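Worksheet: one structure, shown below.
Here, each number is a calculation from the coordinates, and none is a lab measurement. Fair warning: this is a prediction, and the values are worked out from it, not measured in the lab. Glycine also receives a Cβ, built like all others from the backbone with ideal geometry; neighbour counts cover every protein chain displayed.
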Amino acid sequence: MSAPRGARWTSALAGLVLALSLGGCRAEAAQDPSRPSDAPKQAPAPESARQADEFAADPAPSGRRALRWIEGFCALGPRVPGTAGAEKARAAIVAAIRAAGVEPKLVPLRMSTTRGELEFVNVLVELPGKSSKRVVWGAHYDTPDVREDPYWQSEFPEGSLFVGANDGGSGIAVLLELLRALRARGVGEVGHSFLFLDGEERIGPPPFNPTLDDPKANACFGARGQVAKWRDAKHLPEAFVLLDMVGDRELDLVRETTYSDARLLELFQRAAKSAGLEKTQLVGERGMMDDHVPFQAAGVPSIDLIDWTYGPPDARGRAGAYWHTPADTPDKLSAPSLETTAKLCLAALPELERFARGER
Ligand SMILES: [Zn+2]
């Protein structure tokens, strides 16, 4: 999930009070073979066949299906970039995409980190439209290496895990629901790409720095690498919509106003109104650095749909007691919240496609 940079935050607005949010992600430890106690207890096989059957019966987004998928995803264990855990996570994502009848691409990216050059791997699905214009929907699947530095270690007692149910799981599950829905809709005027991002979490000392082209950037590796690749190929999209921490039981998506495009914020607020969600969603306001920052920096209008209050108030003044702790587990999420996020996105779709076509 996203990491804040204190000075960049705008203060939370009173509207935040209206929404409650609790979510949870879970901390995880790096997949270190020397620490067998950190290994997940079991890794259930992706239920692709059942997913395919269910989808054939009803392509409408299902929060229940999304939550069940997150439970299986988190049971795979931590998803630290470059580890076997990340590979297992990608396999699960790929299986779910194939169950929707689409073939994904893997996008390997070598990026510079404080641990030297590491490979990050995004999973990409492209649903072409009648025109070359396209919208990219993104979410990250990685979890941080919580043994790496004092910041993480303080939240994760030895033996505890970070499985990132909300932070790294919820956005992916909703992305899969949107992919199924748009695939079922058929070819539209505008193309839609789905980007399952690696390496959002910080590697190395704070502060969180996702600045595009900054050699000292220490986060959003998958997003930065993908943006650079598309920029070089002159293949940047017309809009980018990021989903992060969107499954909290008490969902209150916030207006991320510091880096998100103002037109997209207004567009999604109109969508919230049309879907009857305007009293609870996109009410409060604050700044948030996340995977949308490098897209916005490259000139792609972008928005981060994120719920910043996750769990009971945190005395440390952070996102909530479940954020970046072992408590970020699937039981902190709910099917209605996941479905609400998907419905909001689909409500925004017509206007978003007009935006992408240049009818702004
Ligand atoms: Zn995070």
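Tell me, what HN-Hα J-couplings in whole Hz come from the Karplus equation 6.51 cos²θ - 1.76 cosθ + 1.60 at θ = phi - 60° for each residue of segment 125-133, using x for Gly and Pro?
Each residue of segment 125-133 in turn: 10, 10, 9, x, x, 6, 10, 7, 5 Hz.
In what sequence do 220, 74 fall when counting other Cβ within 10 Å, fewest first?
74, 220
Can you work out the Karplus-derived ³J(HN,Hα) for every residue in segment 317-331? Use 6.51 cos²θ - 1.76 cosθ + 1.60 with θ = phi - 60°, whole Hz, and x for glycine or proline.
After applying 6.51 cos²θ - 1.76 cosθ + 1.60, I find x, 9, 5, x, 5, 9, 6, 6, 9, x, 7, 7, 10, x, 5 Hz.
About the Cα centre of segment 264-324, how large is the charge dipole given +1 on each Lys and Arg Cβ and -1 on each Asp and Glu Cβ? Please answer in debye to the nearest 20.
The dipole magnitude comes to about 160 debye.
Starting from the amide H of residue 146, placed 1.01 Å from N in the peptide plane, find each other amide H under 5 Å away whose residue is 5 or more places distant or on another chain.
Distant-sequence amide H within range of residue 146: 28, 30.
Given 0.36 nm per residue, what is the gain on full extension from residue 102 to residue 184 after removing their alpha carbon distance, in nm?
28.4 nm
Convert each backbone phi in segment 336-341 into a coupling constant with the Karplus relation 6.51 cos²θ - 1.76 cosθ + 1.60 (shift: θ = phi - 60°), then list the ³J(HN,Hα) values in order as whole Hz, x for Gly and Pro.
Per-residue couplings from phi come out as x, 5, 4, 5, 4, 4 Hz.
I need 120, 162 ordered by Cβ neighbour count within 10 Å, fewest first.
120, 162
Can you sort 64, 147 so the residue with the fewest Cβ neighbours within 10 Å comes first?
64, 147
Tell me which aspartates and glutamates have Cα within less than 13 Å of residue 105's Cα, excluding those fewer than 8 residues away on the same chain?
Those aspartates and glutamates meeting the cut-off are 126.
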